[in-house]
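Trainee: This is the structure I want to talk about, given as structure tokens.
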């Protein structure tokens, strides 16, 4: 076999083989078979593996009639892969040390997540990319690759009642970076990722410059979102502190109402928020007399 250069095609092949692939030696009816393949039911992934394998090894793997794998029996390619990269067993694979650029890393991660990744897109509730793996060393290599190369932050959690761990990518910035830098070839996962990114709304309020319009804006926001607290105080929450600071300025300017804005707080599921509070009885009275709160 001619000398093979580690390039983008080989990086993607390796990613596929570490996720849903196999490099096996089998003995059947007195013969030895050197099998290499990708198990998957997505035609895009099978075709991509097939074309990249052909470019690198000059041999074309076959896509099964059931469209559930793309495989080939080839001793030279089998020997090369094990010699260069070691085991591809689920518990033993390791990310290549031969990456030369972000393109290769992106394609390796893309191939791995295309095969093993899951995308959730529930607006304002659960938008995440995740990947479950039995290889605890390997999953930490992936976490490191994501952060060091693309500044994508992820967290790893053990899966209950299983010997696997799950890597989660969540948060608007991290999900958008994944879409931009890595993405999915798998059509359904790609569409779900698009939905997740598009579902984010802009939480930064646009305060009008004109005084009359600004006063109306303050009144509208207070009526929409402010609530009377348990002990007679008025509360207003937002995930942007700047929103509340400007709202407090408006309350002071137009209604002489004193309001305080908290530092960051966290709810029961770890979501960060800020709170505007109007605590003094006299100030709460001004809120009510000016019609800035709707009774529950």
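Trainee: When the chain is fully extended, how far beyond the present Cα-Cα distance does residue 47 get from residue 2, taking 0.36 nm per residue of separation?
Mentor: Details: separation 45, 0.36 × 45 = 16.20 nm, distance 2.39 nm.
Net length gain for the segment: 13.8 nm.
Trainee: Another question, then. Looking at the square roots a ≥ b ≥ c of the eigenvalues of the Cα gyration tensor of the stretch 1-75, which shape do they give, rounded for a/c under 1.5, prolate if a/b is larger than b/c, or oblate?
Mentor: oblate
Trainee: Would the stretch 12-167 count as rounded, prolate or oblate if I go by the C-alpha gyration tensor, calling it rounded below 1.5 in a/c and otherwise prolate when a/b exceeds b/c, oblate otherwise?
Mentor: Note, shape of the stretch 12-167 comes out prolate.
Trainee: May I pose another question? Quick one: if you take sqrt(5λ) for each eigenvalue of the C-alpha gyration tensor of the stretch 183-259, what semi-axes come out, biggest first, whole angstrom? Walk me through the numbers before you get to the answer.
Mentor: Numbers: eigenvalues 259, 53, 17 Å².
Sorted largest first and rounded, they come to 36, 16, 9 Å.
Trainee: Same structure again: Please state the relative contact order of the chain as a whole percent: Cα pairs under 8 Å, 6+ residues apart? List each step's numbers first, then the result.
Mentor: Details: 469 pairs, mean separation 37.2, N = 296.
Worked out over the chain, it gives 13 percent.
Trainee: Arranged by the count of other C-beta atoms within 10 angstrom, fewest first, what order do 211, 230 take?
Mentor: Ascending Cβ contact count within 10 Å gives the list 230, 211.
Trainee: For helix 136-150, what angle does its Cα long axis make with the longest principal axis of the chain, in degrees from 0 to 90 and rounded to 10?
Mentor: Compared with the principal axis, the helix lies near 60 degrees.
Trainee: State, to one decimal in nm, how far the label point of residue 199 lies from the label point of residue 122, with both points 7 Å from Cα in the Cβ direction.
Mentor: 0.8 nm
Trainee: Also, quick follow-up: Would you mind telling me which residue in 198, 40, 161 has the biggest mean-square fluctuation in a Gaussian network model of the chain, where springs connect alpha carbons within a distance under 10 angstrom?
Mentor: Looking only at 198, 40, 161, the biggest GNM fluctuation is shown by 161.
Trainee: Now a separate question. Rounded to the nearest 0.05, what FRET efficiency do residue 288 and residue 266 give with R0 = 25 Å and r taken as the Cβ-Cβ distance? Could you check?
Mentor: E(calc), rounded to 0.05, equals 0.25.
Trainee: Continuing with this model, one more query. With a 10 Å Cβ neighbour count serving as the proxy for reagent exposure, in which order, fewest first, do 210, 286 appear?
Mentor: In increasing order of surrounding Cβ atoms, one gets 210, 286.
Trainee: Only helical DSSP H runs with n ≥ 4 go in: add -39500 (n - 2.57) per run for the chain, normalise by residue count and round the 222 nm mean residue ellipticity to 500 deg cm²/dmol. Walk me through the numbers before you get to the answer.
Mentor: Details: 10 runs with 129 residues, N = 296.
Estimated from H runs of four or more residues: -14000 deg cm²/dmol.
Trainee: Which length gain, in nm to one decimal place, applies between residue 64 and residue 235 when the Cα-Cα distance is subtracted from 0.36 nm times their residue separation? Before the final figure, lay out each step's value.
Mentor: Values: separation 171, 0.36 × 171 = 61.56 nm, distance 6.16 nm.
Full extension from residue 64 to residue 235 adds 55.4 nm.
Trainee: Starting from the Cα-Cα distance between residue 24 and residue 164, subtract it from 0.36 nm times their residue separation and give me the gain in nm to one decimal.
Mentor: Numbers: separation 140, 0.36 × 140 = 50.40 nm, distance 2.29 nm.
So the chain would gain 48.1 nm between residue 24 and residue 164.
Trainee: Hey, what D do you get for the stretch 118-210 in µm²/s if you plug the Kirkwood alpha-carbon radius into Stokes-Einstein at 4 °C and 1.567 mPa s?
Mentor: Translational diffusion coefficient: 90 µm²/s.
Trainee: Taking every Cα atom in the chain, find the radius of gyration and the maximum pairwise distance Dmax, and write them in Å.
Mentor: Values for the chain (Cα only, Rg and Dmax): 27.4, 93 Å.
Trainee: Please state the relative contact order of the stretch 1-159 as a whole percent: Cα pairs under 8 Å, 6+ residues apart?
Mentor: 24 percent
Trainee: Using a 10 Å cut-off around each Cβ, can you sort 70, 233, 133 from fewest to most neighbouring Cβ atoms?
Mentor: 233, 133, 70
Trainee: Could I ask something else about it? Over the stretch 192-260, what is the mean sequence separation of C-alpha contacts under 8 Å (at least six apart), divided by residue count, expressed as relative contact order in percent?
Mentor: For the stretch 192-260, the relative contact order is 24 percent.
Coordinate-derived values only; no laboratory data. Remember, predicted model here, so these are calculated numbers, not experimental data. Positions of Cβ are generated from backbone atoms using ideal geometry, with glycine treated the same way; all protein chains shown enter the neighbour counts.
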